[in-house]
Amino acid sequence: MLDRFESRLDGEFAEVDRARLLERLAAALPPHRLIATPESMRPYETDGLAAYRSLPAAVALPADADEAGAVLRACRELGVPVVARGAGTGLSGGALPFPGCVLLALGKLNRILEIDPLARTARVQPGVRNLAISEAAKPYGLFYAPDPSSQLACSIGGNVAENAGGVHCLKYGLTVHNIVKLEALTIEGERLTIGSDALDAPGFDLLALLTGSEGLLAVVTEITVRLLPIPADVKTLLVAFPDARCAAQAVADIIAAGVIPAGLEMMDALALRAAERFAHAGYPEDADAILICECDGHAGDAGAELERLADICRAAGASLIRLAKDEAERTRMWAGRKGAFPAMGRLAPDYYCIDGTIPRRRLPDVLEGIAELSRVHGLAVANVFHAGDGNLHPLILYDAQAPGQLERAETLGGAILELCVEVGGTITGEHGVGREKINQMCVQFSEAELTAFAAIKAAFDPAGLLNPGKAIPTLARCAEFGAMHVHHGETRFADLPRF
Amino acid sequence: MPTSLASEPRATGDIAAALSESIRRAAAERAALAITGGDTKAFYGRSTDGEPLSIAGHRGIVAYDPSELVVVARAGTPLAEVETALAANGQQLAFEPPRLGPASTLGGVVASGLSGPRRPFAGAVRDCVLGATILDGHGRQLRFGGQVFKNVAGFDLFRLMAGALGVLGVILEVSIRLAPAPRREAALALETPSADARRKLAELMRRPVPLSGAFHDGRQLHLRLSGGEAGVEAISRELGGESEDLAFWDAVRDLRHPALAGDGPLWRLSLPQSAPIPPVGEALAWDWAGALVWMRSDLAPEQIWRGAGAAGGHATLFRGASGGAEVFQPLAPAMLALHQRLKAALDPAGVLNPGRLYGAL
């Protein structure tokens, strides 16, 4: 199981006497912010990927960058791995602790330090919740655009670590497009300022490198985000199709016609029916697929754009096109989409959320491929997509109590991700590799590419102490995992010794 | 038309193997290489005196499907060829790179990281790069990112190539996210003095206005609006001023505006938009709604860097550098050391454009 850290495959670390570690941490933190008993560490044993659980040696809760730096220095000196954690909502096990490591929980760094309405920026600590930034900016007519579905709970620090996306990133971009500056700590506890308050910074674009680096390069202690003016008007359309292929075609036609909606979401028959029963969103249950299209901007333009969108959908064979007539109906349309995950609880005891991205034109083929894999592995799959940018979230339905089902779900998930890579896509669109997809990285990247990633990591963290066993697999792991795989018709890592 | 082009690499224009071999040889001999494309930006950055390695022959659009909003092209593809193909499908490069000559290549656009007047409103080069295939300092072909917008697998080394001036790798192929051409554009000029214009813009940009350019030439504030018909009409009426030809913005984009003319050293200051312009020279014009200031100065570079840094930004001697002097804002020692380690991670023999970005890289 991937929730076990395996030295042979994930990296070797010297045994460290736990008492000595706790003594050093106690010098860095007041007693109430150092947690070390198994019972009190229990809430930290997992993140949003609850299937994986493991306890660290200790949980450190620094209150500021100085304390975080002191913890890092102690770990660096002792050679103890460090796993940074924000709100713990991540879906790929990126904040999963391993035995012997220190879990650096940044939730106490939770202050909004400054909102500058003229510069349209907010300076915040990493533990601030994503939605709290938009709430604080609202009185100034501004908002923070990236809106992952967990935005009520997820922290901005975690968003930076994962390069989080959301429903509106088709138009407004990912986290990397919406932050301007970071204060970060190296594993040595040294402060780095990355990016600037200007639109660029001298030297390499380290802001881009750090965003989405999943806690492997540095620990972020402060973030300056870009705020956008709240759009003047927002209009939302619900479109139903008798055939999912037509819906997929409509998505491609919309983009080709030069329309970039603020949001363009798709749900297949299984997902929309579950969501309808859960949220009463007004979705037609006889449809094979629905699209939710949202346009924003000047009232006249958003309306005109929506009309063009409706025309395209009609031409693609839509069976129903409904404009939300007021805010209440608009909220209801979205409630179904946002409730799609919890709605799966009505279909099966457990679900496993997959996160791949594919070129839009391959959507119909991939839908068929997923249906076929679903048949082969004997588990139902409901599909929810950020269709506008080709980001799929197949939800595999299973029962963890039934013997073998979790393993089957994992195998099916892996097969879906490999299908995404095969059609020119990627194994993760927005959830990150974390621990979950560490093996699939061996499918997407070559040995030379993984070696380059490792070299980049070593430039920041030569001892490999920051979040080992996540995001970038060792070649030893790929040799073992890759032995089962054939990539581009060749056996991979042929020159490495097999175990 | 597009799907027929998709993912069918043409044999002609693919010189990756030869480029790789040149790098391998250079690395073995520890002999520096000076990477060139169309050779239109030799003035930018420091000079490097290695053996020329031209990527100009590695050219051609590899895949372009307008419904994907992505173009994939080899680095030596002329920028003009890419833009012509996009225009035929009503699409464009959102970051509006300067066209500094007909030979200018897509690889050079990415390596220089220079973005045009749309930058504050539509993003920079790095924001639009979705993936890159590079040759590292060993001559190994590495592919990072891909052709999809949402992709968080692995470190974003493709974005790191933007603006790195070839120091970290030879760009072979890039995929770029595209934007649909706006439905309506308008240009207008207002008689607003520089300081007032900076204040006015900061206030204006708190509202959702369809700005796509804001340039001040020392006398007038020039604005460009891009978007839907209704929004552009409404804000044009509100702002007033004189309507002007959209071609004005071609000159701004291509750095041909008369305010920037002349042979003397030209400084580029990148500043927080709302910061006052530091008194380290004569501001000739500003772009990016105030966040990019073009300046002439007789002061020593150190004084200009200090002034720009104190204002929260940085300065580059954009044109007119002499000898082996630094042109980019110096990095703090710890930051420079990190840059050196990153360079060594991808180019341990130090053969790719050594000294092009900083003397110590």
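Side notes on the structure shown:
- Computed from label points 7 Å out along Cα-Cβ, the spacing between residue B:28 and residue B:207 is 6.7 nm.
- For A:168-178, mean number of other protein chain Cβ atoms within 10 Å: 2
- Inter-chain neighbour count for A:248-257: the average number of beta-carbon atoms from partner chains within 10 Å of each residue's beta-carbon is 3.
- Chain A - percent relative contact order, Cα under 8 Å, separation 6 or more: 14
- Here chain A is treated as an ellipsoid with the same Cα gyration tensor; its semi-axes, largest first and in whole Å, are 38, 28, 20.
- Alpha-carbon centroid distance for the pair the stretch B:329-361 / the stretch A:1-27, whole angstrom: 33
- The protein assembly as shown: radius of gyration over Cα atoms, expressed as a fraction of 2.2 N^0.38 Å: 0.91
- The distance from the alpha carbon centre of the stretch A:206-226 to that of the stretch B:271-291 is 28 Å, rounded to a whole number.
- Rolling a 1.4 angstrom probe over the stretch B:2-180 with all protein chains present gives an accessible area of which 51% lies on carbon and sulfur atoms.
- Residue-averaged [θ]222 nm for chain A, counting only DSSP H segments that reach four residues, each worth -39500 (n - 2.57): -10000 deg cm²/dmol
- For the protein assembly as shown, cysteines whose Cβ has no other cysteine Cβ within reach (under 4.7 Å): A:75, A:101, A:154, A:169, A:246, A:293, A:295, A:313, A:353, A:420, B:128
- Extension gain (nm, one decimal) between residue A:37 and residue A:329, 0.36 nm per residue minus Cα-Cα: 100.2 nm
- Charged-residue dipole, Cβ positions (Lys, Arg, Asp, Glu), the stretch A:7-105 about Cα centre, Debye nearest 20: 80
- Out-of-range pairs (alpha-carbon distance over 28 Å; input A:108/A:138; A:138/A:338; A:138/A:171; B:150/B:200; A:457/B:41): B:150/B:200; A:457/B:41
- For the listed peptides A:410-416, A:422-428, a ranking on the average number of other beta carbons within 10 Å per residue, highest first, reads A:422-428, A:410-416.
- Protection-proxy order for peptides B:198-204, B:339-345, each taking the mean of Cβ atoms within 10 Å per residue, highest first: B:339-345, B:198-204
- Protection-proxy order for peptides A:83-93, B:298-308, A:13-23, each taking the mean of Cβ atoms within 10 Å per residue, highest first: A:83-93, B:298-308, A:13-23
- Shielding by partners for peptide A:350-362, expressed as the average number of C-beta atoms from other protein chains within 10 Å of each residue's C-beta, is 3.
- Shape category assigned to chain B from the gyration tensor of Cα positions, a/c cut at 1.5: oblate
The values are calculated or read from the model by the stated rules, or taken from the named source; none is laboratory data. Fair warning: this is a prediction, and the values are worked out from it, not measured in the lab. Heads up, the Cβs are rebuilt from the backbone with ideal geometry, glycines too, and the neighbour counts pull from every protein chain shown. Remember, those area values only see protein heavy atoms, side chains included, never the ligands or the DNA or RNA. Shrake-Rupley method; radii C 1.70, N 1.55, O 1.52, S 1.80 Å.
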